[in-house]
Amino acid sequence: MIATTEVGLRAPELAFEALAPRPLSTPVRMGIQEHRALFGPMPLDLRPLVQALAATGLGGYGGAGVAAIRKWESAARDGAGGIAVANAAEGEPASAKDAAIWQTRPHLVLDGLEAAAVAIGAAESVVWVHGGDRETVHAIERAVGERGPGLVPVRVVHGPDRYVSGEHSAIVRALRGGAAVPRFRPTGARSWVGGAPVLVNNSETLARVALLARTGLAGHREAALVTVVDAGVRRVREVDAGDRYGDLRGASSPAAALVGGYGGRWHDWRELAERPLLGAQAPELGAGVVALLPEGVCGVCETARIADWMAAESARSCGPCRFGLPELADALDVLAARGRAGRAPARIGTLADLVDGRGACAHPDGVARMVRSALRVFGDDVTAHRAGRCLARTQASVLPLPRHGRAR
Ligand code: SF4
């Protein structure tokens, strides 16, 4: 059975509910005493952990798909004195897995962060979090305070509440004294360019590193946290190799799902339901979000709203974000509103091609990917909108989007 942690979308407080005891997702906050009693101490000899990381290829829980061991080896090659970072900045409005993990298992993440810092000879560790995410900030600061001094000092740094400020190059830039906006595409396993390494790992990756250190290869199993958005609620679920997309469905009857977050891909639910969640045959999980679009809700309108929000969230320092994304969002708005939309789909496809791969970071690529998949999955709706009609019962928004969008 899939384990669930439920996070209300509209209420600021978090409501947790236990369905099954699994290491990451039993929704009870573990203070340092409970953590040590359940998991025992983090092994001091990191060699077996490094071997297990290499054997499992564990990592990629933030969406970039890079194994943790490759990042650690790159950082270690660049010399001691750098920074090990736990990325707790959850820029995706649909995602709640970082919040859930920090509010229930903070010490597993901090154990993993300490192992990363020791492995690369870091001078300090940083937990990077959106400053406005008050519950998560509180959980992190409380956990850091509970542990006392460790092998490597830990600092909690509050970043701005922007989608792109959790991007690796934005974190690296901010920790080196600049603004928290992306400036480059991390190449391969390196999230930094020049200078001492700034090793950035996703929070879930670090928690699973800490579990692997205890279980070793023998006790390792493939699993991932997924935020399922369904009927106005985000549920964080821990899935494993045997689970299928159809297992995620709650009471609602989905027509489609956006997989991977707002820079992910739309899928027709009939094609998706029988597919596995994990493994080589699974669709890319990206940021670990599966947002369900109920039957009768307009996918064209939802796509237009997401593209609009994503255009507003860019740092607007490169051409594709300054000019391309707003134009793309405008074209989608025209299609969604069914006004003079005759040539809109071709224009939307052209604009998606123009922004893809042209920014300093991958933000526009994600928007292009999401929009192209919408044109395919909602093909009948697109045709209807071009003719001034809508096939859906409602054009209301069902996916979480913060209020701020582009200035009009
Ligand atoms: S592509 Fe967009 S988000 Fe990325 S650095 Fe350029 S302006 Fe910023």
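Please treat every number below as a calculation from the coordinates, not as lab data. In this text the structure is predicted, and so the values were computed from the model without any measurement. Don't worry about glycine lacking a Cβ; one is built from the backbone with ideal geometry, like all the others, and counts go over all protein chains shown.
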Using only the Cα atoms of region 339-405, build the gyration tensor, take square roots of its eigenvalues as a ≥ b ≥ c, and label the shape rounded, prolate or oblate: rounded if a/c is under 1.5, else prolate if a/b is larger than b/c, else oblate. oblate
Using each residue's phi in region 345-358, evaluate 6.51 cos²θ - 1.76 cosθ + 1.60 at θ = phi - 60° and report the 3J(HN,Hα) Karplus result to the nearest Hz, with x for Gly and Pro. x, 5, 5, 5, x, 5, 5, 4, 5, 5, 8, 5, x, 9
Binning at 10 Å from 0, report for region 104-249 what percent of all alpha-carbon pair distances ends up in each bin. 10, 33, 37, 18, 2
Selection from 315, 53, 180 lying farthest towards where the dipole of the chain points positive, charges on Cβ: 315
Over its alpha-carbon atoms, region 26-94 yields an Rg and a Dmax in Å of 15.2, 39
Report ³J(HN,Hα) in whole Hz for each residue of region 67-77, in order, from the Karplus equation J = 6.51 cos²θ - 1.76 cosθ + 1.60 where θ = phi - 60°; Gly and Pro get x. 5, 4, 5, 5, 5, 4, 5, 4, 5, 5, 5
What three numbers, in Å, describe the spread of the alpha carbons of region 89-151 along their principal axes, ordered from the longest? 35, 22, 18
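By its C-alpha gyration tensor, with a ≥ b ≥ c as the square roots of the eigenvalues, how is region 299-386 shaped: rounded for a/c under 1.5, else prolate for a/b larger than b/c, else oblate?
Taking the square roots of the gyration eigenvalues as a ≥ b ≥ c, region 299-386 is prolate.
Per residue, how big is the convex hull around the C-alpha atoms of region 21-219? Give it to me in cubic angstrom, could you?
On the way: hull volume 21.9 nm³, N = 199.
Cα-based convex hull of region 21-219, divided per residue, equals 110 Å³.
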Which ³J(HN,Hα) values, rounded to whole Hz and listed in residue order, are derived for region 243-257 from phi using the Karplus coefficients 6.51, -1.76 and 1.60 in 6.51 cos²θ - 1.76 cosθ + 1.60 with θ = phi - 60°, glycine and proline given as x? 7, 10, 4, x, 5, 7, 5, x, 7, 7, 10, x, 9, 7, 9
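Starting from the exponent 0.38 and prefactor 2.2 Å, build the expected Rg for region 223-294 from its residue count and divide its actual Cα Rg by it.
Normalised Rg, Cα atoms only: 0.95.
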Listed by chain and number, the residues whose amide H is under 5 Å from that of residue 234, excluding neighbours fewer than 5 places away on the same chain and using placed H, are 7, 9
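Would you mind working out the magnitude of the charge dipole of the chain relative to its Cα centre, with +1 at each Lys and Arg C-beta and -1 at each Asp and Glu C-beta, to the nearest 20 Debye?
860
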Across the chain: Cys residues that no other cysteine approaches within a C-beta distance under 4.7 Å: 318, 321, 361, 390
Where does the charge balance sit around residue 167 when Lys and Arg score +1, Asp and Glu -1, over other residues with C-beta under 10 Å from its C-beta? +4
Taking r as the C-beta separation of residue 45 and residue 280 and R0 as 30 Å, the FRET efficiency to the nearest 0.05 is 0.40
Place a point 7 Å from the Cα of residue 147 in the direction of its beta carbon; the residues of region 46-89 whose amide N falls under 18 Å from it are 46-47, 49-50, 72, 81-89
In whole percent, the Cα-Cα distances of the chain spread across 10 Å bins from 0 upward as 5, 23, 32, 25, 11, 3, 0
Cα pair distances in region 181-284, grouped into 5 Å bins until the bin that holds the longest one, percent each: 2, 9, 15, 19, 16, 14, 13, 8, 2, 1, 0
Placing each pseudo-label 7 Å from Cα in the direction of the beta carbon, residue 397 and residue 241 end up separated by a distance in nanometres of 4.1
Per DSSP H run of at least 4 residues, take -39500 (n - 2.57); add these up for the chain, divide by its residues and hand me the 222 nm value, nearest 500 deg cm²/dmol. -11500 deg cm²/dmol
